[in-house]
Structures are given as structure tokens and as C-alpha cells.
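Following: one structure in C-alpha cells, then a few remarks.
The values are calculated or read from the model by the stated rules, or taken from the named source; none is laboratory data. It should be emphasised that the depicted structure is a prediction, and the values quoted were computed from it without experimental measurement. Methodologically, a virtual Cβ is constructed for each residue, glycine included, from the backbone with ideal geometry; neighbour enumeration extends over all protein chains shown. Each accessible area value is taken on the protein alone, full model and side chains, heavy atoms only, with ligands, DNA and RNA left out. Shrake-Rupley method; radii C 1.70, N 1.55, O 1.52, S 1.80 Å.
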Number of protein chains: 2
Amino acid sequence: MLSLSEENHLKSIFHLSLNSDSGVSTNSIANNLNTKASSVTEMLKKLSEKSLIVYIKYHGAQLTELGRKTALKIIRKHRLWEVFLVEKLDFKWDEVHEIAEQLEHIQSEKLTNKLDKFLNFPTHDPHGDPIPNPAGFIKITPKLKLSDLGIGETGKFVGVKDSSSAFLKYLDKRKISLGCNIKVLHQEEFDQSLHIGLDDTNLTISVKSASNLYITKI
Amino acid sequence: MLSLSEENHLKSIFHLSLNSDSGVSTNSIANNLNTKASSVTEMLKKLSEKSLIVYIKYHGAQLTELGRKTALKIIRKHRLWEVFLVEKLDFKWDEVHEIAEQLEHIQSEKLTNKLDKFLNFPTHDPHGDPIPNPAGFIKITPKLKLSDLGIGETGKFVGVKDSSSAFLKYLDKRKISLGCNIKVLHQEEFDQSLHIGLDDTNLTISVKSASNLYITKI
DNA sequence: AAAATAATTTAGTCTTGCCTAAATTATTAT
DNA sequence: ATAATAATTTAGGCAAGACTAAATTATTTT
Ligand SMILES: [Mn+2]
Ligand SMILES: [Mn+2]
Ligand SMILES: [Mn+2]
Ligand SMILES: [Mn+2]
């Protein structure tokens, strides 16, 4: 049985290792968990001791197969609870992350699997992220950003990179919701902002926003 | 914000103070929480400091109004989650307590109230215990035990005193479930065991079991 | 009303998880 | 290749929550 802090460190290492194939740095974990590098170092030693990570001094941490499965089981719970909160309790997609951060630590495999069934075995959470299976297996697909599309191309909005409450509310306001089709109409010269077509309306979004929207080409 | 341990102590004091109007003893709390008296003493000082209890050295603890409301809000969450687990996820009534012990500490009033609504504002948990309202108000009704009934009297089974998994499974096996009517037919001389009528079947239960069944007279 | 026993508190430790400041190692710039 | 800078680890502490053993207070027995 892992402690709350151990679980959070594992999760953090998992998420950070998606954007870099070498070891995850002490500082990046500290930054991610709002803690200090020295605290992380101690935790890395402990996780290494438990064979959850490979830790080489001064060269960061990498999840072992066990560590990866363990992290994904926590992420599975997180995402299932997010689905529950949105689908069953009518929370908005920008309100659920904080609560799921707590719920993901509830220990009961039976609970997780019954919840999964109750929700009808969802494949993705409210932010478009895939839900790992009970064994901790996840299919990670390479992600295309809206900013990667060329003029005239159309994509389906399938996920967000930045899932901060602020960005999610920004999308709500512009009626950009998961599953909708977005066509790139034109790119502004001087600030690279994009004119896009959405259903029957057109609007303009910044490159920054565009690079936070995951899409699949149509 | 209270720590997990503080919340558990408050809850324990609340439950223990139902069977005694004077202060709740250090030892009884320690016993209830599977910890040691010395640990409890330290916690009592802290809770007293926070005005959640009145603590007089060597004379135990009593909840203040604030402490009582706080305890009841935790108990509200516990019981709502138990209803959720049984009604929505198809857990058996003997499986939910342990999980609810974890879920009761999730912090989000909004979540609690949305859960309440989702469950259609239940008044009692799966063990027949009343669910406090959002403000921490609860209606405590004096409880009659099956063993208090006279021969020939009938009662409706409305709650369990001992809600241990073992006792709940025992009741399941005998098809004694919440809401059913029980008629006391006869009492055995030599061991006080009771012959009872339940629907169309008769069965015999010990005094010990009978004193663990709460009923309302019909 | 003492004496014996039981309950409770205090004193002193331990572990976990966190911190700051100092030392060490890695990386980058010259 | 060396020097400067940045990242990381180590050393030393602190608070929370637990424990054991010893001291103190309450309760029960004689
Ligand atoms: Mn989330
Ligand atoms: Mn999510
Ligand atoms: Mn319970
Ligand atoms: Mn219950």
C-alpha cells in the first residue's frame, strides 16, 4: 500500500515522462507537485527502493513496468471519477479535476470496476483523455494539435492539452466542445491567430489556444 | 480544514457519546480507533484548542456545538456514500462501510449535495441509520430493540445496532432485511432465544441477535 | 480511610513528509 | 579546457501522528 504522497509522485513522473524519453528531472517533479527538489529526492529514493522507478542520482527518474502500471491504475480512477462527476452529478468539465485528485486515492479495486460498469465502460474522460483498463493498460495515440492543421483542413476536437479551469471556461464561452468539427479558414499574418469555422459560426483564436486543442484530421 | 485523524476522532467521540451523557473516555476512543490512550490524549488537546470539544483532564471529552455539527457533516457523507454504493453500484450492505470510511473524508460540499440529489435525498443509509441534513442536523429517535418486544407483538425491522459484516451476512442468510415485519412468537425458557415469524417462515434467533435489531412497534 | 487497581497523562522516541541552507555534480558559456 | 551557472543532493530541522514506559490521578475494594 502506497501513501498519498508516493502515489502523487508516481503520477507526476508518469505525466512528465510523456514529454521526454530520458529521466524525469527532480526539479520538474517538484514544480509539478508544488514541493521542493530536496523533498522529491528523498521520495525518489523511496520509490526506487520499492522498485517503482529507476533512479540514477543527478539523472532523474524513470518508471519501471510496475511503477507505470501503478501510476496508470491511479489515473484510471481519476478519469473514471471525472466521468462520474460530469455524467451523473452534472458537474462542469472545469470543476472536476480537483475533486478527482482526492477520489483517485480511494482504495478498492472492486469499487473502481463497479464504477466503470455503472458508467458503461467509458473510453475517455471529460477532457478527452483515454481511460486505462483495469490492468493499467492504455492506448496512447500520437496527438495532433489544431495549430498543426493547414489552411482549409478540418479536424475533430478530441481533447485539451492544457486542462486548466481557465482554458476550459474559455472554450465553453466560445461553444467549443469535445467532438465538434473545426475548419481552419485563414491565418492572420502578424500574430498567427487562426480564423476557424465551427458549425455555422466563425471565430478567431490565438496560436496559444490553437496549440492547446487536440484534434484528429477528418 | 481538519486532518483525517482529527475527523476520525470527532466522529468517534460523537458515536461514543450516544451511549453516555457524561464525557467520552480516552480509553474508549483509543479502543474505537485502534490506537493508544496516549495518542488520544494529545488529539483531545488539539481538538479542544480548536473549540471542537470540551476536554477536562482525566474526565474525557464532550463535543461542542461546532464539534457536533462537524462530526455530523462527516457522518452525512459516510451515509450518503453508503447509499450510493448499495443503490447505484450494487454493493451488498456488508461491504460498504470500509469504503465509506475513506469516502467520508472527501472535501467538497458541492459534491456532497449533488450526490444527495442524485440519490434522491435519501433519509436513511443501508443499515437504517438516519442521514443528517446539509447543516449537520439529525433527528435522533429513541430506539427499540427486538428483544424489548413482548410475546405476540409485531415490529418492523428498521436498523441494526451492530453493523459488523459478520452480523449483516448472518441476517442475509436468514432473509431478515430492512423493512420486513417480525412477530415474536415464543421465548425459549432456558436460553431466552426467540421464535419469530417472518413473512411465511418461522425461525429462532438468540437474545444477542435480537438485541442487535432495531424495530418500531406496529 | 487506606490500599490496591485502573485510567489517564506526561516524557521521551520514531517515522513520514516536508523545509532551508550548504555542498556537490552537471551543464553551459567563454 | 576552464569558469560560471544551474540542477541536484546532503545535512540538519520541524510538525503531525503514532508508540512505550513512567508518573500521576481516579476509582474500587477491603
Ligand atoms: Mn483531471
Ligand atoms: Mn481529465
Ligand atoms: Mn458505515
Ligand atoms: Mn451505515
request  = Give me the lysines in straight-line cross-link reach of B:K73: C-alpha distance below 19 Å, same-chain residues under 8 apart excluded.
outcome  = B:K11, B:K50, B:K110, B:K114, B:K117, B:K139
message = Once the label point is set 7 Å along the Cα-to-beta-carbon vector, what list of distances in nm do you get between A:N120 and its counterparts in the other copies?
response = 2.0
query = Dipole magnitude of the protein assembly as shown about its Cα centre, charges +1 at Lys/Arg Cβ and -1 at Asp/Glu Cβ only, in debye to the nearest 20?
reply = 280 debye
message = How large is the convex hull of the C-alpha atoms of the range B:49-171 per residue, in Å³?
response = 157 Å³
task = Could you tell me the distance between the Cα centroids of the range A:149-218 and the range B:33-78, to the nearest Å?
result = 53 Å
inquiry  = For a quick check: with amide H placed at 1.01 Å from N, whose amide H comes under 5 Å from B:G60's, ignoring anything fewer than 5 positions away on the same chain?
reply    = B:T26
ask   = Based on the Cβ-Cβ distance of B:E6 and A:K36, what FRET efficiency does E = 1/(1 + (r/R0)^6) give at R0 = 35 Å, to the nearest 0.05?
value = 0.85
request  = May I ask for the angle, rounded to the nearest 10°, between helix B:109-118 and the longest principal axis of chain B, with both axes built from Cα atoms and the value confined to 0 to 90°?
outcome  = 20 degrees
Label point at B:N120 placed 7 Å out along Cα→Cβ; residues across the range B:83-111 whose backbone nitrogen lies under 19 Å = B:83-93
query = Taking amide hydrogens as modeled 1.01 Å from N in the peptide plane, which residues meet the under 5 Å criterion relative to B:H124, leaving out close sequence neighbours?
reply = B:I131
query = Which of the residues in the range B:107-143 show a loss of at least 50 Å² in accessible area from their chain by itself to the complete set of protein chains, at a probe of 1.4 Å?
reply = B:L111, B:K114, B:F118
request  = Quick one: dipole size for the range A:99-218, taken about the Cα centre, charges +1 on Lys/Arg Cβ and -1 on Asp/Glu Cβ, in debye to the nearest 20.
outcome  = 280 debye
inquiry  = Just want the answer: with Cβ charges of +1 for Lys and Arg and -1 for Asp and Glu, which residue in A:I182, A:H105, A:T123 is farthest toward the dipole's positive end in the range A:72-193?
reply    = A:T123
key: Tilt relative to chain A, helix A:37-49 - C-alpha long axis, 0 to 90 degrees, to 10   = 60 degrees
note = Here the correct list, in nm and shortest first, of distances from A:Y58 to the same site in the other copies, label points 7 Å along Cα→Cβ, is 6.2
ask   = What does the convex hull of the Cα atoms come to per residue for chain A, in Å³?
value = 139 Å³
task = Would you mind getting me the FRET efficiency between A:E188 and B:L66? Use the beta-carbon distance for r and R0 = 60 Å, nearest 0.05.
result = 0.55
ask   = What size of dipole, in debye to the nearest 20, comes out for the range B:17-96 about its Cα centre when the only charges are +1 on Lys and Arg C-beta atoms and -1 on Asp and Glu C-beta atoms?
value = 340 debye
key: Estimated 222 nm signal from helices in chain A, with DSSP H stretches of n ≥ 4 weighted -39500 (n - 2.57), rounded to 500   = -11500 deg cm²/dmol
message = I'd like the FRET efficiency for A:V207 and A:N27, computed as 1/(1 + (r/R0)^6) with the beta carbon distance as r and R0 of 30 Å, rounded to 0.05.
response = 0.65
task = Give the range of the longest stretch in chain B that excludes all chymotrypsin sites (Phe, Trp or Tyr not before Pro) found in loop regions by DSSP and having at most 12 other beta-carbon atoms within 10 Å.
result = B:59-136
query = Over the Cα atoms of the protein assembly as shown, what is the Rg over Rh ratio if Rh follows Kirkwood?
reply = 1.07
Table column - 3J(HN,Hα) (Hz), the range A:15-26, Karplus curve with 6.51, -1.76, 1.60, x for Gly and Pro = 4, 6, 7, 6, 9, 3, 8, 8, x, 7, 6, 3
Average accessible surface area per residue within the protein assembly as shown, 1.4 Å rolling probe, Å² = 54 Å²
request  = Output the relative contact order of chain A, whole-number percent, from Cα pairs under 8 angstrom with separation of 6+ residues.
outcome  = 15 percent
ask   = Ordered by residue, what ³J(HN,Hα) values in Hz, to whole numbers, does the range B:196-211 give under the Karplus form 6.51 cos²θ - 1.76 cosθ + 1.60, where θ = phi - 60° and Gly and Pro are x?
value = 10, x, 9, 6, 9, 10, 10, 8, 10, 10, 6, 4, 4, 4, 4, 7
key: Buried accessible area, chains A and B (both chains, 1.4 Å probe, Å² to nearest 100)   = 1700 Å²
ask   = Hey, rough spin-label estimate for B:K46 and B:K88, points 7 angstrom out along Cα→Cβ, what's it come to in nanometres?
value = 3.2 nm
remark   = For the protein assembly as shown, the accessible surface attributable to carbon and sulfur atoms (probe 1.4 angstrom, ligands and nucleic acids excluded) amounts in percent to 51 percent
ask   = Among A:S12, A:A210, A:I75, which residue has its Cα positioned farthest towards the positive end of the charge dipole of the protein assembly as shown, with +1 placed on the Cβ of Lys and Arg, -1 on the Cβ of Asp and Glu, and the dipole taken about the Cα centre?
value = A:S12
task = Once you have a ≥ b ≥ c as the square roots of the Cα gyration tensor eigenvalues for the range A:165-207, tell me rounded if a/c is under 1.5, and otherwise prolate or oblate according to whether a/b is larger than b/c.
result = oblate
remark   = Eigenvalues of the alpha-carbon gyration tensor of the range A:137-195, times 5 and square-rooted, give semi-axes in Å, largest first, of 21, 16, 11
